[in-house]
Each structure stands twice: as C-alpha cells, then as structure tokens.
Amino acid sequence: MKVVAFNGSARKDGNTAILIKRVLKELEKEGVEVELIQLAGQKIQGCIACRKCFSAKNKRCAVTDDLINDYIAKMLEADGIILGSPTYFADCTIQIKALIERAGMVARANDQMFKRKIGAAVIAVRRAGAIHAFDTINHFFTISQMITVGSSYWNIGIGREIGEVDKDEEGIDTMITLGKNMAWLMHKICLR
Ligand SMILES: Cc1cc2nc3c(=O)[nH]c(=O)nc-3n(C[C@H](O)[C@H](O)[C@H](O)COP(=O)(O)O)c2cc1C
C-alpha cells in the first residue's frame, strides 16, 4: 500500500510540508509506504487544452517539458494521494492547480484512472481562505471518483513563518487523525 503526497508550496520544507509529514508519519506507523514530492522551484504549467490525451489514451500528458508525467505515473501507482498546498490568495498554489488540471484531464481521458483511490487535501494558512483552497483540491478528488478522508476538523494548519504550524495544536491533531483515518481506510479497502 502506498501514498504519494505532493507539496505545492513555493517554500520547500515549509508549513505545508510539516503538516503533510505529520500525516505521513501516522501512515508509516500503520505500515503504509509513503513518498513526499515537493514542487518548489519547478516550472509547471496548466492544461493547454490540446485534448491529445483523449486521442492517445496512453495515460500521459502531451506536454513533456516538465515532470508532470512522472507525477501522473506515481499517482496511478499509489493507492492514496495527498495534495498539500499553502493558501495563496484564498486558493491553492499554481503548482497544485497545474497538477490537478493535467493529471485530472489525463485521468478523464483514460477511463477515470484514479477512481476509487483515496484522497486527502492538506492546507497551510496564515489567516483566511484555507477552506476555498481545501475545496479546490476536493473538487478534483470527487470528480475523479476518488474517496476522500475526513478528520476531526477540516485538514488545515495555521501559521505564517516556517514552523509556526507546529504551534497550532488543533491543526497538528487534525493531521494525526487524518493519517490514522487514511491508514484505517486503506487497510479496509486495499487488497495489496
Ligand atoms: C503569494 C502568497 C499568498 C498568500 N495568500 C494568503 C491568503 O490568501 N490567506 C492567508 O491566510 N495566508 C496567505 N499566505 C500565507 C501562507 O498561506 C502561509 O504563510 C503558509 O503557512 C505558507 O505555507 P508554506 O510554508 O508551506 O509555504 C500567502 C502567502 C503567499 C506567499
């Protein structure tokens, strides 16, 4: 059983990474293999609407000058997918949105290839707009026929400077519970 997580922050190892890692720690405790990919510094563009994925149907995006096809392959191989993002202007970052657009379109062109995988969104925020970012990511999971996991609160941690989310006790507890719930669900529904 494997979970692949993406951190869409422009800051590597920032608050979003801290929150994601807390979820991954719980998953690892329950025997789930995990991988964290940080998108900071990468130039990733969104879908260019060429629709070549619908004619090729090869589970790949026709735009090949970045790492998105590697990420799509990792998402396809995993049983669970975590998309983490800081809140930027009340939404997720461009990097996460680009991944959603391109992986999401390729999945739709290939018989909804992410269907029944388990998905969770993780959001870091200084003050406001996190729910909108959370919703953006969950819209991708739900239109992809994925199963989303809940926690004791929405999966959000509060902080501005790197490390501040660690002081958000409720946010950290939410991540711990999210990890436990995701592991529980994976053990129930994954056969491998
Ligand atoms: C371009 C930009 C836009 C931001 N917009 C918001 C926002 O709309 N609401 C908010 O509460 N914080 C906002 N923030 C603050 C970040 O969400 C916050 O610092 C977060 O902890 C960063 O996570 P990271 O360390 O993973 O990058 C913004 C930060 C940046 C750089």
*For residues that are aliphatic (A, V, I, L, M), surrounded by 15 or more Cβ atoms within 10 Å (Cβ to Cβ) and not in a helix (DSSP H, G or I), tally how many sit in region 117-136.*
7
*Only one of these is touching a helix residue (DSSP H, G or I) at 6+ places or on another chain (Cβ under 9 Å), surrounded by fewer than 16 Cβ atoms within 10 Å (Cβ to Cβ) and of a type outside the set (A, V, I, L, M): 171, 157, 80, 150. Name it.*
150
_What pairs come out if I take residues in region 46-65 that are of a type in the set (Gly, Ala, Ser) and pair them with residues that are part of a loop (DSSP other than H, G, I, E, B) whose C-beta lies under 9 Å away, six or more apart or interchain?_
56/62; 62/48; 62/50; 62/51
*Could you check residue 61 against (1) within 18 Å of the chain's Cα centre (by Cα); (2) crowded, with 20+ Cβ neighbours inside 10 Å and say which number it fails?*
(1)
*Using beta carbons and a limit of 9 Å, which pairs, at least six apart or on different chains, have the first residue in region 180-192 and more than 19 Å from residue 152 (Cβ to Cβ) and the second one assigned to a helix (DSSP H, G or I) and at pLDDT below 95?*
none
*Please indicate, with yes or no, whether at least one residue in region 70-93 is modelled with pLDDT of 95 or more, over 18 Å from the mean Cα position of the chain (by Cα) and closer than 30 Å to residue 158 by Cβ.*
yes
*Could you figure out which of (1) surrounded by 15 or more Cβ atoms within 10 Å (Cβ to Cβ); (2) within 16 Å of the ligand (Cβ to nearest atom); (3) not β-branched (Val, Ile, Thr) isn't true of residue 163?*
(1)
*asked:* Quick check on region 137-146. Is at least one of its residues closer than 17 Å to residue 182 by Cβ, modelled with pLDDT of 95 or more, among the β-branched types (Val, Ile, Thr) and surrounded by fewer than 18 Cβ atoms within 10 Å (Cβ to Cβ)?
replied: yes
*Within region 161-192, work out how many residues are touching a strand residue (DSSP E or B) at 6+ places or on another chain (Cβ under 9 Å), in a loop (DSSP other than H, G, I, E, B) and modelled with pLDDT of 95 or more.*
1
*Look through region 123-146, keep the residues that are more than 18 Å from residue 101 (Cβ to Cβ) and within 13 Å of the chain's Cα centre (by Cα), and return whichever of them is nearest to the ligand (Cβ to nearest atom).*
124
*asked:* List the residue pairs whose Cβ atoms are under 6 Å apart, where the first residue sits in region 13-41 and is over 17 Å from residue 169 (Cα atoms), the second is acidic (Asp, Glu) and part of a helix (DSSP H, G or I), and the two are 6 or more positions apart or on different chains.
replied: 34/28
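The values are calculated or read from the model by the stated rules, or taken from the named source; none is laboratory data. These numbers come from a predicted model, not from an experiment. In this analysis, Cβ positions are derived from the backbone assuming ideal geometry, glycine residues included, and neighbour counts consider all displayed protein chains.
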